[in-house]
Amino acid sequence: MFGVSGNYASALYIAAVKANVLDKVESELLTLVEASKRSPTFSQFMKDLSVTADTRMKAINDICAQAKFADITKNFLAVVAESGRLGHIERIAQRFAELTMAHKGEIKAIVTSVIPLPPEEEKELKETLQDIIGHGKKVKVEQKIDTSILGGLVVEFGQKVFDMSIRTRARQMERFLREPVNLDSH
């Protein structure tokens, strides 16, 4: 975990593990990130460095009190607000979630499709990925929708990407069709 986001996420992770509130802190961070995505005003406020540290901290403390966040989350967000790093909260939350998943022995698989996978297909895919990854680790599937892939699936987990999208297959076919045909095979 390198960089500012990694350092913040690692510090919060260590504190949350010690206090035995890992799941609670993770869910609170995600709640804050979701709130910032839903509210352009809140999102702008978090990124605006012209807002004084005192104003940022007061706002974050009020939000934490209203949401009944754990002390660790509240203290962490106060430090982030004071240092003017609220604009990085989404990246920090992502890094924190990565650490939490590793802690729980989970691997995230991102599955991109044109429409949401029906539950039965998602279950089959999860079982297949579980077989590939092996026991001792648990697969967590996150679905993404992207109509530009035209159909099929793109599955990413660990450092691997399995691109079975129609868009990619069409490009491969197009390349194949453009290659010169050698008729002098004898």
Practice problem: Only bridges with both residues in the chain count here: give the DSSP antiparallel percent, nearest 5. | Solution: 55
Quiz item: At a probe radius of 1.4 Å, what is the per-residue accessible area of Glu120, in Å² to the nearest 10?
Solution: 110
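Before I look further, what does region 58-106 give for accessible area per residue, probe 1.4 Å, in whole square angstrom?
Values: 2390 Å² over 49 residues.
I get 49 Å² per residue for region 58-106.
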Exercise. Kindly express, to the nearest 10 degrees and within the range 0 to 90, the angle between helix 22-38's C-alpha long axis and the longest C-alpha principal axis of the chain.
Key: 80
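Rounded to the nearest 0.05, what FRET efficiency is calculated for Asp146 and Leu177 with R0 set to 22 Å and r the Cβ-Cβ distance?
With a Förster radius of 22 Å, E is 0.30.
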Quiz prompt | Rounded to 10°, Cα long-axis angle of helix 3-18 versus longest principal axis of the chain | solution = 70
Exercise. Return one number: the angle in degrees, 0 to 90 and rounded to the nearest 10, between the long axis of the Cα atoms of helix 71-82 and the longest principal axis of the Cα atoms of the chain.
Key: 90
Exercise. State the percentage of accessible surface on region 5-89 attributable to carbon and sulfur atoms; use a 1.4 Å probe and exclude ligands, DNA and RNA.
Key: 55
Exercise. Using a 1.4 angstrom probe on the protein heavy atoms only, line up Val4, Val79 by accessible area, largest first.
Key: Val79, Val4
Quiz prompt | Kirkwood Rh, Cα atoms: Rg over Rh of region 56-186 | solution = 1.20
Self-check item: Accessible area (Å², 1.4 Å probe, nearest 10) - Val114
Solution: 40
Quiz item: Applying the Karplus parametrisation 6.51 cos²θ - 1.76 cosθ + 1.60 with θ = phi - 60° to the phi angles of region 92-103, what ³J(HN,Hα) value in whole Hz is obtained for each residue in order, glycine and proline being reported as x?
Solution: 4, 4, 4, 4, 4, 4, 4, 5, 5, 5, 4, 4
Quiz item: So how do Asp131, Asp62 rank on accessible area, 1.4 Å probe, biggest first, that is with the largest at the start?
Solution: Asp131, Asp62
Self-check item: Expected 222 nm ellipticity per residue - DSSP helices of 4 or more, -39500 (n - 2.57), all of the chain, to 500
Solution: -19500 deg cm²/dmol
Quiz item: With all protein chains present and a 1.4 Å probe, how do Phe176, Phe157 order by accessible area, largest first?
Solution: Phe176, Phe157
Self-check item: Centroid-to-centroid separation of region 1-23 and region 42-57 [C-alpha atoms, Å]
Solution: 23
Exercise. Label region 1-100 by shape, choosing from rounded, prolate and oblate, from the square roots a ≥ b ≥ c of the eigenvalues of the Cα gyration tensor; if a/c is under 1.5 it is rounded, and otherwise prolate applies when a/b is larger than b/c, oblate when it is not.
Key: prolate
Quiz prompt | region 48-102: radius of gyration over Cα atoms, expressed as a fraction of 2.2 N^0.38 Å | solution = 1.17
Practice problem: First select every other residue whose beta carbon is under 11 angstrom from the beta carbon of Glu90; then total the charges, Lys and Arg +1, Asp and Glu -1. | Solution: +3
Quiz item: Using a simple spin-label model with points 7 Å from Cα along the Cα→Cβ vector, what separation in nm is obtained for Thr31 and Ala19?
Solution: 1.3
Self-check item: R0 of 41 Å, Cβ-Cβ distance Glu121-Val79: FRET efficiency to nearest 0.05
Solution: 0.40
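Taking a ≥ b ≥ c as the square roots of the eigenvalues of the Cα gyration tensor of region 1-48, is the shape rounded (a/c under 1.5), prolate (a/b larger than b/c) or oblate?
Judged from the Cα gyration tensor, region 1-48 comes out oblate (a/c at least 1.5, b/c at or above a/b).
The values are calculated or read from the model by the stated rules, or taken from the named source; none is laboratory data. This is a predicted model, so every value here is computed, not measured. Positions of Cβ are backbone-derived with ideal geometry, glycine not excepted, and every protein chain shown enters the neighbour counts. The protein model used for the area step is the full one, side chains on, heavy atoms only, and it has no ligands, DNA or RNA in it. Shrake-Rupley method; radii C 1.70, N 1.55, O 1.52, S 1.80 Å.
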